[in-house]
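What follows is a short report on a single structure.
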Amino acid sequence: MISVIAFDADDTLWHTENLFQQTQARLAAILERYAPHDEVMARLQLTERRNLVLFGYGIKGFILSMVETAIEITDRRVTAAEIHEIMTMGRAMLDAPLDLLDGAATVLDALAARYRLFLITKGDMLDQRNKIDKSGLADRFAHVEIVSEKNAASYRAIFTAQGVAPGEAMMVGNSIPSDILPVLEIGGHAVHIPYHVTAEFERHPELAPHPRFHQLTEIADLPALIARIDRRNE
């Protein structure tokens, strides 16, 4: 029987990627006199991937990657005013209000009465903690974990430390590489709820059928799915 339901945060409980997409579009507009839109986007993606090992996931690393992209793609001709505008865009991302996905709070309230709820998110510690505080959802969770990477080892360590067998845990998230595959690998249940836009490094082909893998279109359908799974396992 499932005893713990763990949730991803960004683009599972609240909107995040749309803010990145909007800022990328503004970066391309700033740099349009140096390079076409598609070239700026491609260079930014390459820079982000290269920098993940150094900066990790989050807005601060994204800001640094935007600045580095601007310097490289302009052959160092980018102006101080343009760099300042990029930095201002990044600060606005950090200060932006947090918008919950429709139904997220209601679903957490419905499930908290019967299950232990975990929040497992990755990224910059201060950035993620700031978003958790803004969300107003922290008190719904029995445990909150911010990790630098989501993989089988990190999930196994979290569940072990909390006294949870992987087979009793379910992870809910929008990323197949981060939220789904590692949990299935260690024997847990996983629910994929796609977000309408996906970061380039989180994209993955559709999964083949798997007895512990489920896919929904919206978070509001989660309680009914879990009830069906529990009835099947009784």
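The values are calculated or read from the model by the stated rules, or taken from the named source; none is laboratory data. In this text, all values refer to a predicted model and were calculated from it rather than measured experimentally. Virtual Cβ from ideal backbone geometry, glycine too; neighbours counted across all protein chains shown.
Applying the set (1) at pLDDT 95 or above; (2) in contact with a Lys or Arg (Cβ under 8 Å, 6 or more places away or on another chain); (3) closer than 29 Å to Gly173 by Cα; (4) not aliphatic (A, V, I, L, M) to Thr69 leaves exactly one unmet item: (3).
Given the criterion out of contact with any helix residue (DSSP H, G or I) (no Cβ under 8 Å at 6 or more places or on another chain), more than 21 Å from His15 (Cα to Cα) and assigned by TED's automatic domain parsing to the domain that holds Ile30, identify the matching residue among Arg114, Arg76. Answer to the check: Arg76.
Can you find, within the stretch 71-90, the residue that is surrounded by the most Cβ atoms within 10 Å (Cβ to Cβ) among those that are of a type in the set (Ser, Thr, Tyr) and not in a helix (DSSP H, G or I)? Selected residue: Thr74.
Taking Ile158, is it within 30 Å of Asn51 (Cα to Cα), outside the structural domain of Leu54 (by TED's automatic domain parsing) and out of contact with any Leu (no Cβ under 9 Å at 6 or more places or on another chain)? Here the answer is yes, as Ile158 does meet what is asked.
Scanning the stretch 47-70 for residues that are of a type in the set (S, T, N, Q) and surrounded by 18 or more Cβ atoms within 10 Å (Cβ to Cβ) gives Thr47, Ser65, Thr69.
What are the pairs, 6+ residues apart or on separate chains, where a residue within the stretch 27-55 that is farther than 21 Å from Met93 by Cα has its Cβ under 6 Å from a residue that is surrounded by fewer than 12 Cβ atoms within 10 Å (Cβ to Cβ)? That search, which allows pairs on different chains as well, returns nothing. One residue is enough: does the stretch 33-48 have a residue meeting the conditions within 30 Å of Glu218 (Cα to Cα) and either of a type in the set (Lys, Arg) or part of a loop (DSSP other than H, G, I, E, B) (or both)? The answer is no; no qualifying residue exists.
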